[in-house]
Amino acid sequence: MSMSDDLRTIEAQVTEGLAAATDLDALEALRVSVLGRKGKLTAIMHSMGKLTPEERPAMGKLANEVRTRVEASINARREELAAELMEKRMAADACDVTLPGRRFSPGTQHLINQIREEIEDIFCGLGYTVEDGPYVETTWYNFTALNAPEDHPSRSAKDTFYVVDNAPGSVAHAEETNVQGESDILLRTQTSGVQVHVMEQKKPPIYMICPGTVFRPDTADANHLPQFTQVEGLVVDEGITFGDLKGTLDYFCREIFGRDRATRYRPHFFPFTEPSCEVDVSCGVCGGKGCRFCKNTGWLEILGAGMVDPNVFEYCGIDPEKYTGFAFGIGVERVAALRYDLPDLRMLMTGDMRFLKQF
Ligand code: PHE
């Protein structure tokens, strides 16, 4: 076959190949097979040297023309395929810009956490540290080291969630039971156990608060929740008096409720403080006159407090002759209810965004 026949064959093959190449990869393969370093047309160009000087000009011209046409047709086909690809992508990725956008709903910090942080800020401003303690406690930390007698009613399973399987005969039963036959491991009913942890670990002076969740087997109603939040406070130093307790808690109440609410200190009993008191804040709904919200008393209780009982210092290895101190436990849900006149504590647990987003 002559060289010119070869050239015509190649051109015909390219024309056929172009129609068959339905994507850019196939087209590139075709180009390489013809125009690449080892391509058919390249091979012919290289073999020009074998022709006689007479044949060479005409054949060279023909070969160049074929190459120009082949290149042009490949380029044209490439553009065509690229345009097709773009069309396909546009159709597949189409989006309806007239649809409404996706709404983000970031929510808000829960009211209880807001107030917990506010309480932390108030006491940090007075130089207190913020401590943490376990939710699952032993009877030692929740009761015994806090001077609660073995027969104290709050130790019973009616008032405390015990968590260890203490079926008779089990190891837990033998090792983890107290005199009442209850398990020794419980969900803390108060954050006061953290007082003991902190006094075991730190030397006075101690000025600390500890916010945290506590648990009691109460049925939820307007004023009670089976799981709620307390902020414990403990001060241990030389020369601390009840005046320091009152000054600190009055300052706290003013900061959190503002100046128009009054406070009152009512004598009370806690095993771990002596003397003890409960602190009430005047009702914001009736302004202290008495209403359904405050059960007609004009006051709402928000915290318990007192001077640390010397027995507790002794349990914790602190010299009660040298140090005195006070402790308090603030009910955070009660503070929220008082500040915003919430008629029912259960509202805080519902997750109803219409309610929660107001704060
Ligand atoms: N732990 C007590 C309660 O839960 C509150 C309290 C704390 C009282 C510290 C006195 C001192 O009721």
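Could you list, in sequence order, the residues of the range 184-222 that are in contact with a strand residue (DSSP E or B) (Cβ under 6 Å, 6 or more places away or on another chain), away from the ligand (no atom under 13 Å from the Cβ) and closer than 15 Å to Val308 by Cα?
Across the range 184-222, the qualifying residues are Pro204, Pro205, Ile206, Tyr207.
Name the residues in the range 18-29 that are touching a residue at least 40 places away in the same chain (Cβ under 8 Å), assigned to a helix (DSSP H, G or I) and open to solvent by 30 Å² or more (accessible area, probe 1.4 Å), would you?
The one that is touching a residue at least 40 places away in the same chain (Cβ under 8 Å), assigned to a helix (DSSP H, G or I) and open to solvent by 30 Å² or more (accessible area, probe 1.4 Å): Leu24.
So which residues in the range 119-143 are open to solvent by less than 70 Å² (accessible area, probe 1.4 Å) and aromatic (Phe, Trp, Tyr), if there are any at all?
Within the range 119-143, Phe123, Tyr128, Tyr141, Phe143 qualify.
Condition check: farther than 24 Å from Phe228 by Cα, within 14 Å of the ligand (Cβ to nearest atom) and open to solvent by less than 70 Å² (accessible area, probe 1.4 Å). Does Val312 satisfy that?
Against the criterion (farther than 24 Å from Phe228 by Cα, within 14 Å of the ligand (Cβ to nearest atom) and open to solvent by less than 70 Å² (accessible area, probe 1.4 Å)), Val312 qualifies.
Only one of (1) part of a helix (DSSP H, G or I); (2) within 16 Å of the ligand (Cβ to nearest atom); (3) among the hydrophobic types (A, V, I, L, M, F, W, C) fails for Ile256. Which number is that?
So the condition that Ile256 fails would be (2).
Every residue in the range 278-309 that is within 16 Å of the ligand (Cβ to nearest atom) and among the small types (Gly, Ala, Ser), please.
Gly304, Ala305, Gly306
Hey, could you check the range 144-163 for residues that are open to solvent by 40 Å² or more (accessible area, probe 1.4 Å) and in contact with a strand residue (DSSP E or B) (Cβ under 7 Å, 6 or more places away or on another chain) and say which is farthest from Ala327 (Cα to Cα)?
In this case the residue turns out to be Val163.
The values are calculated or read from the model by the stated rules, or taken from the named source; none is laboratory data. Because the structure is a prediction, the values reported are computed rather than measured. A quick note on method: Cβ atoms are made from the backbone with ideal geometry, for glycine too, and the neighbour counts reach across all protein chains shown. SASA here: full protein model, heavy atoms, side chains in, ligands and nucleic acids out. Shrake-Rupley method; radii C 1.70, N 1.55, O 1.52, S 1.80 Å.
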